[in-house]
Amino acid sequence: MKLFIYAAAALSVMTMGATANPIEQRQANMKERGQILRVLAPIAQGRADFDAATVLDALEKLNANAQAAADVDAFYPAGTETGDTKVKESIWSDREGFKKANEDYLSKVAAAAEAKPQDVDAFKAVFGPIGASCGGCHETYRN
């Protein structure tokens, strides 16, 4: 199943690369990420019931989404800091910091999916670091 998810994500990125510019690719990836987080966040906040299958499915999708955007240089090439984008110039001026933040997010999402949480407390333990990683990156690298 994981192989299928990773293959689908890779195919999605390759297909987008043939038809979309990097800004559009980023926006599509972040939109998809937001949709997945709208499933997970209410569960973590106690506003929706925990269901292990739903959580695992969403975590696997989030991991595939994260992996699809893993190549910072391809997703944020020079020249895409202007236009219809909400990214800050700091993505380019602090490239190593941004890459480190992205790697941190990737590792936290992968660990959460690998953990396969079976109860709400286990889920909260792996989801909290993901949220913190998202927030930190947005604070530093997003307008």
Residue satisfying condition, being at pLDDT 95 or above, acidic (Asp, Glu) and surrounded by 13 or more Cβ atoms within 10 Å (Cβ to Cβ), within set Glu81, Glu114, Glu32: Glu32
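Listed here are the residues, each with its yes/no results for (1) in contact with a Cys (Cβ under 9 Å, 6 or more places away or on another chain); (2) over 26 Å from Ala41 (Cα atoms); (3) among the polar types (S, T, N, Q).
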{"position": "Ser93", "(1), (2), (3)": "no, yes, yes"}
{"position": "Ala115", "(1), (2), (3)": "no, no, no"}
{"position": "Phe127", "(1), (2), (3)": "no, no, no"}
{"position": "Thr140", "(1), (2), (3)": "no, no, yes"}
Selection count, the stretch 35-78, where residues are more than 11 Å from the chain's Cα centre (by Cα), surrounded by 18 or more Cβ atoms within 10 Å (Cβ to Cβ) and farther than 25 Å from Val120 by Cα: 2
Hey, Ala78 free of Cβ contacts under 8 Å to residues at least 24 places away in the same chain, of a type in the set (Gly, Ala, Ser) and within 21 Å of Ile23 (Cβ to Cβ) or not: yes
Elements of type helices (runs of 4 or more DSSP H) in the stretch 38-97, at least 1 residues being of a type in the set (S, T, N, Q), over 13 Å from Gln25 (Cα atoms) and in contact with a helix residue (DSSP H, G or I) (Cβ under 6 Å, 6 or more places away or on another chain): 52-68, 90-93
Pair list, Cβ < 9 Å and 6+ apart or interchain, from the stretch 112-137 residues that are more than 13 Å from Leu56 (Cβ to Cβ) to residues that are of a type in the set (Phe, Trp, Tyr) and modelled with pLDDT under 95: none
Residue satisfying all of: in the stretch 84-111; of a type outside the set (D, E, K, R) and within 12 Å of the chain's Cα centre (by Cα); surrounded by the most Cβ atoms within 10 Å (Cβ to Cβ) among these: Val109
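The values are calculated or read from the model by the stated rules, or taken from the named source; none is laboratory data. Remember, predicted model here, so these are calculated numbers, not experimental data. Note: ideal-geometry Cβ built from the backbone for every residue, glycine included; neighbour counts use all protein chains shown.
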